[in-house]
1. Dimensions of the chain along principal axes (Cα, Å, largest first)?
2. So if I place +1 on the C-beta of Lys and Arg and -1 on the C-beta of Asp and Glu, and nothing else carries charge, what would the dipole magnitude of segment 43-190 be about its Cα centre? I want it in debye, nearest 20.
3. Evaluate the distance, in nm, between pseudo-label points positioned 7 Å from the Cα of Trp246 and of Arg27 along their respective Cα→Cβ axes.
4. How much length is gained if the chain between Gln218 and Gln78 is pulled fully straight, taking 0.36 nm per residue apart and subtracting their Cα-Cα distance, in nm to one decimal?
5. Using the crude model of +1 on Lys and Arg Cβ and -1 on Asp and Glu Cβ, and no other charge, please compute the dipole size for segment 59-288 relative to its Cα centre, in debye to 20.
6. Roughly speaking, what is the centre-to-centre gap between segment 12-34 and segment 51-111 when only Cα atoms are used, to the nearest Å?
7. Label 7 Å along Cα→Cβ of Thr287; segment 145-160 residues with amide nitrogen under 17 Å?
8. How much FRET efficiency would the formula 1/(1 + (r/R0)^6) give for Lys50 and Gln172, where r is the Cβ-Cβ distance and R0 is 51 Å, rounded to 0.05?
Amino acid sequence: MSEANPIRNVSDTALWVAVYRAMESERPDALFHDPYARRLGGERGEAIVKAMPKGRSMAWPLVVRVAVMDEIVLRCVQQGVKTVLNLAAGLDARPYRLDLPRELNWLHVDMPEMVAYFRSHMSAETPRCELEFIAADLRDAAQRRAVFERAAPLGPTLVITEGLLIYLEAGQVADLARDLHDVAQARWWLSDLASPALLRFVARDWGRTLQQGNAPFQFGPREGTAFFAPFGWSEAEFRSTWDEAWRLDRKPAQAWLWRLLSWLQPARKREAGRRMSGIVLLQSDHTES
């Protein structure tokens, strides 16, 4: 690790995103309130934000992602989800900060060192629901399937992979999709999803820093949500990060110019721009049975 790049691995990106949640929570017009985020992000999280090119000004898509996912999680729980399987959960404090039913099962899964860090920093807090911590390396097929077998009888299950897929290779995402369907028997899957265009765009500012920090962005399927179809998943809802940024008033600088330019493009290109980045709710064909 160099002094200029405090990112050591993918797990460190959770500290980075926690600081973004803290920044949003401290606004007078905050979209959400995460009172634990500043503590969880810590000094290293602040250092990462400072080290990333345009670190603070690029908070908007991450803030939008959190706010939209909060909305969808709460709606899914209201509609009958009994278990949330949160994979690579990092420093996600939703079980503590969202208004969740006491009987909801929430499985917080991550690498052992991340689970230990999170638990140590949240030891004095009380979750709103039934929270279980599971330390597992999801890259290991046996460990992954053991976790999913644990979740299967607790359904209907909503899976969350916030900020995870973009760091994986396509083959790893395929394995995950297959196991979530076949082993976890999950009904819904909430994730953020990038496109090849987004990977190219982000690489200009962050690519080298992330590569040197062993956390390169990799997964942005050309076919979008159709990537998941062979594994039993279909798109139930797509929320464009760009559209949601306008709805939530968390637009980037010069957003008006980007919108003006998009109006001058053919409809096909405008739609591709909308789907460059988004929050996706997938449903499995288990929902049909």
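Every read-out reported here was derived from the displayed coordinates using simple, explicitly stated rules and does not represent laboratory data. Everything quoted here is computed from the prediction, not taken from an experiment. Glycine also receives a Cβ, built like all others from the backbone with ideal geometry; neighbour counts cover every protein chain displayed.
1. 50, 42, 36
2. Details: 18 positive and 20 negative charges, 69 e Å.
Around 320 debye, computed over segment 43-190.
3. 1.8 nm
4. Contour length minus the Cα-Cα distance gives 47.0 nm.
5. On the way: 28 positive and 29 negative charges, 189 e Å.
The calculation lands at about 900 debye.
6. 12 Å
7. Residues passing the 17 Å test: 155-160.
8. Numbers: r = 31 Å, r/R0 = 0.60.
That gives a FRET efficiency of 0.95.
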